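First the structure, in the form of structure tokens, and then the observations on it.
The values are calculated or read from the model by the stated rules, or taken from the named source; none is laboratory data. Treat the numbers as computed from the prediction; the structure is a model and nothing was measured. Reconstructed Cβ throughout: ideal geometry from the backbone, glycine too, with neighbour counts over all protein chains shown. When the accessible area is computed, the model is the full protein with side chains, heavy atoms only, and any ligands, DNA or RNA have been set aside. Shrake-Rupley method; radii C 1.70, N 1.55, O 1.52, S 1.80 Å.
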Amino acid sequence: MTDLALARLILELTALVKNTHGSFLWCTDENALNNLPVAFNHAGLLVMTNRWDVAEEAKARGFTTQFSDFDCSGIADESLDGFFYRVSKEKPLVHHLLNEAWRCLKPGAPLVISGYKNEGTKTYIEKITNLMGSEKHIQKEGASYSSIILKQQRYLPEQSLDDSNYCQMRPVAEDSGLSILSKPGLFGWNKVDAGSALLVGQISKILGDKQPNVCLDLGCGYGYLTLAAAQLECCQNVRHWILTDNNAAAVAAAKTNLRAAQLTGDVIAADAGKGISRKVELLLCNPPFHQGFTTDGDLTDKFLESARQLLAPDGLALFVVNQFIPLERKASGLFKVISTVVDNGSFKVICLAQPLFTARR
């Protein structure tokens, strides 16, 4: 399905950047996945993204790319000739990047912003238009809104939009009994996911007498599954923890939490574990089922395929998914043993074992 908001942004970006000298920044998240144009040889354009898969695709298409949690600290005040942004899902992130656009743009330079009505785009446009002292011009195309806003007023930090201290790690889920740091920009960043808690409660029963030495937290988020599993007696022999996620905020938080818990391991930025080669005896996964703004079953398939590739022949992969996701069917042909351990009506925990390498794919 065509993202009209992204298409409008790319159209304006191409028109403004292609034949113009200067420095430009395009901030994008999962919305641009598989929707990036081919680069048009502009050395002054930087694509900044918090998604590892988008960063890899952008590099492959010839763009100068930065994978980060939208860290604009290296960009000087009033140094950009253009800033391009299709709004994200989380309000703190949107406010963070609108503040950075206001700070980084030269006087008279444009912010090009787009998004849908139900994402609050019209309100965001009105807010940043007022702060930058520009006239409001909103272009509407169906449910999509876009605007080109010229910076007229100097950036004043005390007047900036409330971004909930977007860049700062802070303690969360303090009633979990674990020391956890997290931040906005990460799905479910300020709580313990109910599905993950359900999975942790089943680990000891599923492992029995097994004593895994290497554990992989696939799609780790801020690292809750690792931190909670490390407290269990059945995981005391784990010598190496591997945590991986596609999101830059998740990678940063997981690194911080792994170090604070004094666990030996690695945190790796990767798309569903792509590029990891080490076989593991225990794999824990609460896979995301949202790709951009839609439910995407292919994402579950991607995590299952990675589990098949990375699980040792005698290892166990433990998945927790929403009750409506047919993970048992999707895992058929990838694993010999597929067992639903618990189904509480909202989430189900599934144990997979004996990966097959003659899969129906």
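Some points to look at:
- The number of residues in segment 309-332 being open to solvent by less than 20 Å² (accessible area, probe 1.4 Å) and either among the basic types (Lys, Arg) or assigned to a loop (DSSP other than H, G, I, E, B) (or both) comes to 1.
- Residue pairs whose Cβ atoms lie under 7 Å apart, separated by 6 or more positions or on different chains, with the first residue in segment 220-249 and more than 18 Å from SER176 (Cα to Cα) and without any contact (Cβ under 8 Å) to a residue 12 or more places away in the chain and the second in a loop (DSSP other than H, G, I, E, B) and open to solvent by 20 Å² or more (accessible area, probe 1.4 Å), do not occur.
- Output for segment 49-62, where each listed residue is open to solvent by less than 20 Å² (accessible area, probe 1.4 Å), more than 10 Å from ALA269 (Cα to Cα) and not aliphatic (A, V, I, L, M): THR49, ASN50
- Hits in segment 46-80 (condition: assigned to a loop (DSSP other than H, G, I, E, B) and acidic (Asp, Glu)): ASP69, ASP71, ASP77, GLU78
- Annotation note: of GLY185, GLY195, the sole residue that is under 30 Å from GLU12 (Cβ atoms) and touching a residue at least 12 places away in the same chain (Cβ under 8 Å) is GLY185.
- Number of residues in segment 193-214 that are within 21 Å of GLN323 (Cα to Cα), in contact with a helix residue (DSSP H, G or I) (Cβ under 6 Å, 6 or more places away or on another chain) and open to solvent by 40 Å² or more (accessible area, probe 1.4 Å): the value is 0.
- Boolean, THR300 is surrounded by fewer than 19 Cβ atoms within 10 Å (Cβ to Cβ), within 21 Å of the chain's Cα centre (by Cα) and not small (Gly, Ala, Ser): no
- In segment 176-231, residue farthest from SER346 (Cα to Cα) [restricted to those that are of a type in the set (Val, Ile, Thr) and out of contact with any Phe, Trp or Tyr (no Cβ under 7 Å at 6 or more places or on another chain)]: VAL214
- Hey, LEU16 open to solvent by 20 Å² or more (accessible area, probe 1.4 Å) and in a strand (DSSP E or B) or not: no
- Selection within segment 160-178 - acidic (Asp, Glu) and surrounded by fewer than 17 Cβ atoms within 10 Å (Cβ to Cβ): ASP162, GLU174, ASP175
- Within segment 19-40, if we keep just the residues that are more than 18 Å from CYS104 (Cβ to Cβ) and of a type in the set (A, V, I, L, M, F, W, C), the residue that is surrounded by the fewest Cβ atoms within 10 Å (Cβ to Cβ) turns out to be VAL38.
- Test result for ALA43, within 24 Å of ALA270 (Cβ to Cβ), of a type in the set (A, V, I, L, M, F, W, C), open to solvent by 10 Å² or more (accessible area, probe 1.4 Å) and part of a loop (DSSP other than H, G, I, E, B): no
- Residue identified as among the charged types (D, E, K, R), at pLDDT below 95 and open to solvent by 50 Å² or more (accessible area, probe 1.4 Å) among GLU141, GLU126: GLU141
- Of the residues making up segment 28-40, those that are outside any strand (DSSP E or B) and in contact (Cβ under 8 Å) with a residue 24 or more places away in the chain are ASP29, GLU30, ASN31, ALA32, LEU33, ASN35, LEU36, PRO37, VAL38, ALA39, PHE40.
- Test for ALA230: is it more than 27 Å from PRO313 (Cβ to Cβ) and at pLDDT 95 or above: no
- Cross-chain or 6+ apart pairs with Cβ under 6 Å, segment 79-92 first and open to solvent by less than 10 Å² (accessible area, probe 1.4 Å), then of a type in the set (D, E, K, R): VAL87/GLU119; SER88/ASP29
- Of all the criteria given as (1) open to solvent by 10 Å² or more (accessible area, probe 1.4 Å); (2) of a type in the set (Val, Ile, Thr); (3) touching a His at 6+ places or on another chain (Cβ under 9 Å), the one not satisfied by THR65 is (3).
- Members of segment 256-274 that are crowded, with 16+ Cβ neighbours inside 10 Å and of a type outside the set (D, E, K, R): THR256, ASN257, LEU258, ALA261, LEU263, GLY265, VAL267, ILE268, ALA269, ALA270, ALA272, GLY273
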